[in-house]
1. Give the residue, chosen from Arg402, Arg415, that is of a type in the set (D, E, K, R) and under 30 Å from Val350 (Cα atoms).
2. Keeping to segment 408-443, report how many residues are within 22 Å of Gly396 (Cα to Cα) and among the small types (Gly, Ala, Ser).
3. Give the residue, chosen from Val350, Val326, Val334, Val372, that is among the β-branched types (Val, Ile, Thr), surrounded by fewer than 20 Cβ atoms within 10 Å (Cβ to Cβ), touching a helix residue (DSSP H, G or I) at 6+ places or on another chain (Cβ under 8 Å) and in contact (Cβ under 8 Å) with a residue 12 or more places away in the chain.
4. Which condition from (1) part of a loop (DSSP other than H, G, I, E, B); (2) surrounded by fewer than 19 Cβ atoms within 10 Å (Cβ to Cβ) is the one that Pro284 breaks?
5. Is it the case that some residue within segment 52-71 is free of Cβ contacts under 8 Å to residues at least 12 places away in the same chain, among the aliphatic types (A, V, I, L, M) and closer than 23 Å to Thr251 by Cβ?
6. What tally of residues in segment 53-92 results from selecting those that are among the hydroxyl-bearing types (Ser, Thr, Tyr) and either over 23 Å from Lys276 (Cβ atoms) or surrounded by 15 or more Cβ atoms within 10 Å (Cβ to Cβ) (or both)?
7. Any residue at all in segment 11-19 that is polar (S, T, N, Q), at pLDDT 95 or above and in the same structural domain as Ala330 (by TED's automatic domain parsing)?
8. Could you check segment 65-180 for helices (runs of 4 or more DSSP H) lying wholly inside it with 2 or more residues that are in contact with a Pro (Cβ under 6 Å, 6 or more places away or on another chain) and closer than 25 Å to Glu2 by Cα?
Amino acid sequence: MEVTSAQFYPNAVIAIHDIQLQTALDRGTTRASAGRVNMMGETTDALALRAQARAARERALNNLPELLEQLEANVTRLGGVVLWARTGAEANHLIAELCESNQVKRITKGKSMVTEETGLNEALQARGIEINESDLGEYILQLRGDHPSHIVTPMIHMTSEQTAQTLHAKLGMPMTDSPEEMTRFVRGVMREKYLEADLGISGVNFAIAESGTIITVENEGNNRLSCNTPRIHVAVMGIEKVLATWEDWVTLAQLLPRSATGQRMNVYTNLFTGPKRPAEQDGPEKFYLVILDNGRSKILAGEYAESLACIRCGACLNACPVYQNVGGHAYGWVYPGPIGSIVSPLLLGVTAAPMLPHASTLCGACQQACPVDIAIPEMLLKLRRDLVQQGDGGWGWKLSMRLWQLGMQSPALYRFGGALASLATRALAGRSGKITWLPGILGGWTRNRDFAPFAARSFRARYAKKAAGRVVALESSTEHKTGDIR
């Protein structure tokens, strides 16, 4: 997909004025956030569970090379084939070669953010291979020529009315406002595609190193059909998706559905351990696991390694006031929301997405919602620092920061600046008491809200006067009592 992360601000303006988008976001994010809070409230000790989950992810990241080698050895032992890809283009090429060597003409694909990252659909279609998304939301977006706007609920930006119109226009479905009828209609269309597919592609929620098992979680069953019905199954995962043990997965399995969709447990938890055995009737004849780096090793080696602990639940998106108002497409690439504002600059390059680290109020709602307690606000601040070090902001930013530094280091300059700001802002406010216009760069604030003028007297001056009054009162009281004694 085209990367427009550098245009976040204009994208956001368009999104804010899209009434249908605002309706869809209000419905979707409110419901998801409430569900997460309710389900986490049912746990015995939510904080302890989060700490345990974070420890599981830290164990995996701290031992990532060894665990990936262990995973490869076990997948191979079970009859699968592991393919390593350094870049997204290399991953697409490997999968395309698999398709050509196995004479694949049709593919069904389960929900997968990593293949959105590599642009796999477009790469295979360019080679004349038919590929159909099997996730209901992803399939509808594919019909529209659209892309997901959320990590978990890809069409959160669409209303049910838009969905019905799309299915009517693209597939001839009779118009209906019933989600159940729409789902039933699409299911009938997709059943034929599963049977016709030569190869199925899935993402990977978790990979267990000690057993070579690939795990996907879903609520529709389409991923299972995509993986089991065709004769070949290809799973694609980023290197960070590996876990050390089943015990670690059991912890995360309690948090992922609660955080993602407000459920105690997903409807389907699929465990794939290689191709089918000789005695088994179901399952693929061949299994391939594509393990993708695409910049993740570089992240792991730096100060942003914590971002790789993300389990792609989307809870930070639902909790974020910025995402709630602009949706996912405004972020301009595959990964939206607070975690996307970190991951996208790291994968694309910080100068390719310079606005995303600023797409946050730093309120901390994202970290509070994160099931593995990733310090998202802290990393956003560090990315802002990186941008400044690379020249973002220009001479005006550097000059203003230098003046701020001088003012904060000198009590006299600090008091003078406060007094000057008080005079200037009260003059701008006039009789109304509100500032509706500020000059230059400061006008970004008053374009959307009023600005309160500085107080006539600073806190320091008020406190000094109050303290002086207390001293006078104390001296008067002491003199009075002394006079009584005399």
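The values are calculated or read from the model by the stated rules, or taken from the named source; none is laboratory data. Quantities reported herein were computed from a predicted structural model and do not represent experimental measurements. Backbone-built Cβ (ideal geometry, glycine too); neighbour counts: all protein chains shown.
1. It is Arg402.
2. Looking only at that region, the number is 7.
3. None of the other options fit; the residue is Val350.
4. All conditions pass for Pro284, except number (2).
5. yes
6. Count: 1.
7. Looking for residues that are polar (S, T, N, Q), at pLDDT 95 or above and in the same structural domain as Ala330 (by TED's automatic domain parsing), one finds at least one in segment 11-19, hence yes.
8. Answer list for segment 65-180: 136-144.
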